[in-house]
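Data block below; observations after.
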Amino acid sequence: MDRPVTFQPNRIREKMKSGKLIAGSVISTMHPGMMHAAAFAGLDFIRIDAEHQWVRDERMEFVIQTAVNHGVCPIVRVDRDDHYMPRKILELGAGGIIFPQMRTVEDVVRSVRTTKFPPRGIRGYSSICWSGGWGAKSGADWVKWCDTEPLVGIMIESAETESCLEEMIAVDGVDFVLFGQADYSMSLGFGRPNTNHPDVQGALKKTIAAARKHGRSVMMGFGTSNEDILKYSEMGVTMLELDHDIGITRAVWSDRVDFIESLQR
């Protein structure tokens, strides 16, 4: 007997349409327990970093599927020009993909096409995977779901994008923009991250304006202070990335160690 198959909507996409703020963080430890913690904390998404972390093993599968099972949207940042990874990440069940180091419209078009089935893209078809229910979800309905529900994000993190920023964001299939303050400031020749420099903040404002014009959301990572949350949400950042798991843990431990040492002075 054929069992009924349901295609769940992407909760983050629904929140985007409502205009509500979306709270998330980053996982570097690649431990499923951290995804449980994200769910219990009420986070909407977790960005899984596969650009600066080496996670080409079963850990990726475990954390993505733990997130999905607990109602947290897993969004994976892949390496630039690694065009076989988006298909594999989506087949594992990711709710979104982020492409870093986008510098031209052609970069964006090529990357988006790896996430879509023909005729919109070049993704190879097989529903014999976790996101396809090992074949239970297949055919036209599954193709439509795959082409419309997982989110596609691009990173704006280089001054080279200034001349084509709006065209990049307007590419069909782009859902949101992650503004990389650190790399953007590095691209300006500062020799170190300088995220509060007027030129970097000006580029962020231009990115937000272009995203609004074309109906895209803006994501940005920063610390966990309420002041930062208020500042960037008022600027128009709606996907608020609250530091990363190791950074948060290190900061809390450091604060407690400082307090203990102060008692001994």
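Tabulated results
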quantity: Cβ-based charge dipole, the chain, positive-most Cα from Gly95, Ile208, His31; calculated: Gly95
quantity: Convex hull volume per residue for the chain, taking Cα atoms only, in Å³; calculated: 150 Å³
quantity: Partners for Lys205 among aspartates and glutamates (Cα-Cα distance below 20 Å; same-chain residues under 8 apart left out); calculated: Glu157, Glu160, Glu162, Glu166, Glu167, Asp175, Asp183, Glu227, Asp228, Glu234, Glu241
quantity: Relative contact order computed over the stretch 11-262 (Cα-Cα under 8 Å; 6+ residues apart), in percent; calculated: 18 percent
quantity: Alpha-carbon Rg/Rh ratio, for the stretch 216-255, with Rh computed the Kirkwood way; calculated: 1.05
quantity: Highest to lowest packing among 189-196, 149-156, scored as the average C-beta count within 10 Å; calculated: 149-156, 189-196
quantity: Cross-link partners of Lys15 among aspartates and glutamates (Cα-Cα below 12 Å; sequence separation of 8 or more within a chain); calculated: Asp44
quantity: Over the chain: helical MRE at 222 nm, DSSP H runs n ≥ 4 each giving -39500 (n - 2.57), nearest 500; calculated: -12500 deg cm²/dmol
quantity: Protection proxy ranking of 236-245, 162-171, 254-263 - average other beta-carbon atoms within 10 Å, highest first; calculated: 236-245, 162-171, 254-263
quantity: Gyration tensor verdict on the stretch 1-127 (Cα atoms; rounded if a/c is under 1.5, prolate if a/b is larger than b/c, oblate otherwise); calculated: rounded
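Quick note: the coordinates plus some simple rules give every number you see, no bench work behind them. Because the structure is predicted, anything quoted here is derived from the model rather than measured. So basically every Cβ, Gly included, is an ideal-geometry build from the backbone, and we count neighbours across all protein chains shown.
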